[in-house]
Amino acid sequence: MSVQSKSSLASIPSVDRLLRRIDAGELSARFGRPAVTDAIRGVLAELRSTPGTTPASNPADEAAIMDHVAARLAEASKPSLRPVFNLTGTVLHTNLGRAALPAEAIEAVTLVVRGASNLEYKLEDGARGDRDDHLEQQLCRLTGAEAATVVNNNAAAMLLVLNTLALRKEVPASRGELIEIGGSFRLPDIMARAGCRLREVGTTNRTHLHDFEEAIGPKTGLVMKAHSSNYSIEGFTAAVAEPELARLCRERGVPFVVDLGSGTLIDLRRLGLPHEPTPMEALNNGADIVTFSGDKLLGGPQAGIIVGRAALLAKIKRNPMKRALRVDKMTIAALSAVLRLYFDPDRLVERVPTLRLLARPVEDIRTGAQRLCPLVAEHLDGIASVQVSDCNSQIGSGALPTQRVASAGLAIRPMSAGRGSGTALKRLTSAFRNLPVPVIGRIEGGAFVLDLRCLEQGDETAFVAQLANLALGASPAK
Ligand SMILES: *Cc1c(COP(=O)(O)O)cnc(C)c1O
């Protein structure tokens, strides 16, 4: 070790000395003294191991050391779960939290989490209540079902239905519907964990009524039909229509269960989208039970909704697993508020963000892109070009998997096209991801594309304001 670095080591201030500073006191008031002490120790350790470099060229510069400590504390206190701008073009993006809640639902949650509530308490007579009471009537009125309950998510709904009605029994399901939705959600696995034996029926592309006729027997617990999510089978195909399958199940005395996946409560043609099956239709077609998600096209909180025949729902509610899969008061408050909006169809689309975003006219999105283009370009001067471009959004979360919705956005292309442009593109996406409110886009045709369907005019100011933080220096982004 050189004489010089030895002397710089000697000039590093002590932890105690730094803790006595006024700015350390201010940091302690914000982050707590133990955290400040730890941060100071960390920064000093770095100084000792790399003298003459971080955080200050002069190790005796206490103010510079404390700036570093403050930055470290601020970074560490950022919540892990944070808002982002979803400009991927996938409106219901599972990895980005799916549906944004309507203001009415956010308000309802805020009201109920402040203190005690009548979650399972009957205010009329002071008797014990059932948390389902807050939702069941609404769900029955909206879907026409006899009874309803709500659990953690649709996967939980299926687990509960299968375990209640088909424990140690067989569940015939079409080979074309043995779905994997992502993560570890595979229908055959859920069935196994629910204690059911899957009985595969038909072939991948074709399943006929007689396949089910042969499969249903004394060991059958229920017959399951799953809405094809994330894929479509095209070409030489055949599936059994719901009414036919329902009739067969009724004749044989086994419940007919439909997993709708997204399960919109409105006719999507109202939004200019193709039709997506609704729980009402499935029930009209003779389904005894229908399950669907709360945070897909319904536009509410994460939840699994089970609607159907009262006798079957009574069994489902008595299953001890229901207790393990139940929803909490925040979900109930939010879902109830969202469902309330469905009773006012004329204002529904404007009030439910998921529907509003899906219904946004492409001209409106393009106008936004034109407004934003120069403002974004200003921050990328000399680094990347920015152009308004047409693109395609998708619904996401398995709804209308092959359907694309015309949209518009910004195509950002690094100037250094050709060799090394992959790195430049990566640097660009990383800089947007590292903004205070991270911006998530997608890479398409050599460009970083920001689909602006999910950036409404009211959010544009916040989006633009933070672009000054784009860290796009010559050095590679972290
Ligand atoms: C999304 C989906 C599920 C899972 O729903 P979660 O609410 O995410 O648990 C199950 N089945 C189908 C057909 C789906 O599309």
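The values are calculated or read from the model by the stated rules, or taken from the named source; none is laboratory data. Because the structure is predicted, anything quoted here is derived from the model rather than measured. Reconstructed Cβ throughout: ideal geometry from the backbone, glycine too, with neighbour counts over all protein chains shown.
Below is a table of values for the structure above.
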read-out: Selection count where residues are in a strand (DSSP E or B) and either basic (K, R) or at pLDDT 90 or above (or both), scope the range 230-260; value: 5
read-out: The range 102-117, residues that are in a helix (DSSP H, G or I) and surrounded by 14 or more Cβ atoms within 10 Å (Cβ to Cβ); value: E104, A105, I106, E107, A108, V109, V112
read-out: Out of G304, G308, sole residue that is under 27 Å from the mean Cα position of the chain (by Cα) and within 13 Å of the ligand (Cβ to nearest atom); value: G304
read-out: Residue within the range 334-342 that is in contact with a strand residue (DSSP E or B) (Cβ under 8 Å, 6 or more places away or on another chain) and either away from the ligand (no atom under 16 Å from the Cβ) or closer than 19 Å to G144 by Cβ (or both) present; value: yes
read-out: Test result for L298, at pLDDT 95 or above, surrounded by fewer than 24 Cβ atoms within 10 Å (Cβ to Cβ), within 12 Å of the ligand (Cβ to nearest atom) and assigned by TED's automatic domain parsing to the domain that holds N152; value: no
read-out: Members of the range 255-288 found to be within 13 Å of the ligand (Cβ to nearest atom) and at negative phi, listed by number; value: V257, V258, D259, L260, S262, T264, E276, P277, P279, A282
read-out: Residue under evaluation T291, criteria (1) closer than 21 Å to A226 by Cα; (2) away from the ligand (no atom under 12 Å from the Cβ), criterion not met; value: (2)
read-out: Residues within the range 350-375 that are buried (at least 20 other Cβ atoms within 10 Å of the Cβ) and β-branched (V, I, T), tallied; value: 3
read-out: Hits in the range 66-101 (condition: farther than 24 Å from F463 by Cβ and surrounded by 13 or more Cβ atoms within 10 Å (Cβ to Cβ)); value: M66, D67, H68, V69, A70, A71, R72, L73
read-out: Members of the range 182-199 that are surrounded by fewer than 18 Cβ atoms within 10 Å (Cβ to Cβ), modelled with pLDDT under 90 and not aromatic (F, W, Y); value: G182, G183, S184, R186, P188, D189
read-out: Those residues of the range 292-319 which are in contact with a helix residue (DSSP H, G or I) (Cβ under 6 Å, 6 or more places away or on another chain) and closer than 12 Å to L165 by Cβ, in sequence order; value: I306, K315, I316, N319
read-out: Residue in the range 126-139 that is within 16 Å of the ligand (Cβ to nearest atom) and over 21 Å from I332 (Cβ atoms) present; value: no
read-out: Pairs where the first residue, in the range 104-121, is touching a residue at least 60 places away in the same chain (Cβ under 8 Å) and the second is of a type in the set (S, T, N, Q) and outside any loop (DSSP other than H, G, I, E, B), C-beta under 7 Å, 6+ apart; value: A108/S336
read-out: Sole residue being away from the ligand (no atom under 16 Å from the Cβ), under 20 Å from Q302 (Cβ atoms) and in contact with a Gly (Cβ under 8 Å, 6 or more places away or on another chain), chosen from A157, A99, A105; value: A105
read-out: Filter result (charged (D, E, K, R), closer than 16 Å to E200 by Cβ, surrounded by fewer than 19 Cβ atoms within 10 Å (Cβ to Cβ) and within 32 Å of the chain's Cα centre (by Cα)) within the range 219-270; value: none
read-out: Matching residues, the range 118-147, being among the hydrophobic types (A, V, I, L, M, F, W, C) and either surrounded by 15 or more Cβ atoms within 10 Å (Cβ to Cβ) or assigned to a helix (DSSP H, G or I) (or both); value: L119, L135, L139, C140, L142, A145, A147
read-out: Residue within the range 117-125 that is within 16 Å of the ligand (Cβ to nearest atom), within 12 Å of K329 (Cα to Cα), at pLDDT 95 or above and touching a Leu at 6+ places or on another chain (Cβ under 9 Å) present; value: no
read-out: Test: V388 is in a strand (DSSP E or B) and outside the structural domain of M158 (by TED's automatic domain parsing); value: yes
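Residues are listed down the side, and each one gets a yes or a no for (1) more than 30 Å from A39 (Cα to Cα); (2) not aliphatic (A, V, I, L, M):
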position	(1), (2)
V69	no, no
L73	no, no
F85	yes, yes
L92	yes, no
G97	yes, yes
A108	yes, no
N118	yes, yes
